[in-house]
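Chemist: Please see the structure below; I have some questions.
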């Protein structure tokens, strides 16, 4: 398998996308935040120690996606046309699942932007709740699906079938 971010001598490089065609691209990533029942119930009701946890985390995730190229050295700056995050609550496991979607019409994909949005949102939830619980767990984080570009469609296989 050829690594795209490594030159012939094994040194890191930015991939040249000059000749690539612009296409519509979309990526969806996910990650989890797990905490104690007490913290979970408190923030689910909107009673975060620093205010509105979920709106703040969503805005932070969108900002993170927009700054991905500043955070990850070999990522291209790309024009994002849409970023959104949503939350799913699991009352039994005290887990919040974050799903982030990123879209563009560009020469390169948005997988890193989708992943960054979810990870930054999770870090923001931790930051906004650390005053009441330091043992909050983050992860796992992974790409669910992507579309567009030369490699086409990817859908993560069910974890049980890998």
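Here, each number is a calculation from the coordinates, and none is a lab measurement. Model, not experiment: these values are computed from the prediction. Methodologically, a virtual Cβ is constructed for each residue, glycine included, from the backbone with ideal geometry; neighbour enumeration extends over all protein chains shown.
Chemist: Would you list 82, 69 from fewest to most Cβ contacts within 10 Å?
Modeler: By the 10 Å Cβ count, ascending, the order reads 82, 69.
Chemist: Next question. So, in nm, how far is label residue 7 from label residue 97 when the simple model puts each one 7 Å beyond its Cα toward the Cβ?
Modeler: 4.4
Chemist: Computed FRET efficiency, Cβ-Cβ of residue 55 and residue 131, R0 22 Å: what is it to the nearest 0.05?
Modeler: So the FRET efficiency works out to roughly 0.75.
Chemist: Still on this structure, I have one more. Could you calculate the contour length gain from residue 47 to residue 19, that is, 0.36 nm times the residue separation minus the distance between their Cα atoms, to one decimal place in nm?
Modeler: Going from the current span to full extension adds 5.0 nm.
Chemist: Moving on to the next point. What is the ratio of the Cα radius of gyration of the chain to 2.2 N^0.38 Å, with N the residue count, to two decimals?
Modeler: So the Cα radius of gyration is 1.15 times the expected 2.2 N^0.38 Å.
Chemist: Now for a separate question. What percent do you get for the relative contact order of the chain when only Cα pairs under 8 Å and 6+ apart count?
Modeler: Here the relative contact order equals 36 percent.
Chemist: Let me know the shape class of the stretch 73-135, please: from the alpha-carbon gyration tensor, a ≥ b ≥ c as square roots of the eigenvalues, rounded when a/c is under 1.5, otherwise prolate if a/b is greater than b/c, or oblate.
Modeler: Since a/c reaches 1.5 and a/b is larger than b/c, the shape of the stretch 73-135 is classed as prolate.
Chemist: Using alpha carbons only, how many degrees (0 to 90, rounded to 10) separate the axis of helix 111-129 from the longest principal axis of the chain?
Modeler: 20
Chemist: Mind jotting down the distance between the C-alpha centroids of the stretch 33-84 and the stretch 113-139, whole Å?
Modeler: If you average the Cα positions of each part, the centres end up 7 Å apart.
Chemist: Report, in deg cm²/dmol and to the nearest 500, the calculated mean residue ellipticity at 222 nm for the chain, where each DSSP H run with n ≥ 4 adds -39500 (n - 2.57) and the sum is divided by the residue count.
Modeler: So the calculated ellipticity at 222 nm is -8500 deg cm²/dmol.
Chemist: Expressed in whole Å with the largest first, what are the equivalent ellipsoid semi-axes of the stretch 7-53 derived from the C-alpha gyration tensor as the square root of 5 times each eigenvalue?
Modeler: 44, 17, 10
Chemist: Pop the C-beta distance of residue 36 and residue 141 into the FRET formula with R0 = 25 Å and round what comes out to the nearest 0.05.
Modeler: 0.75
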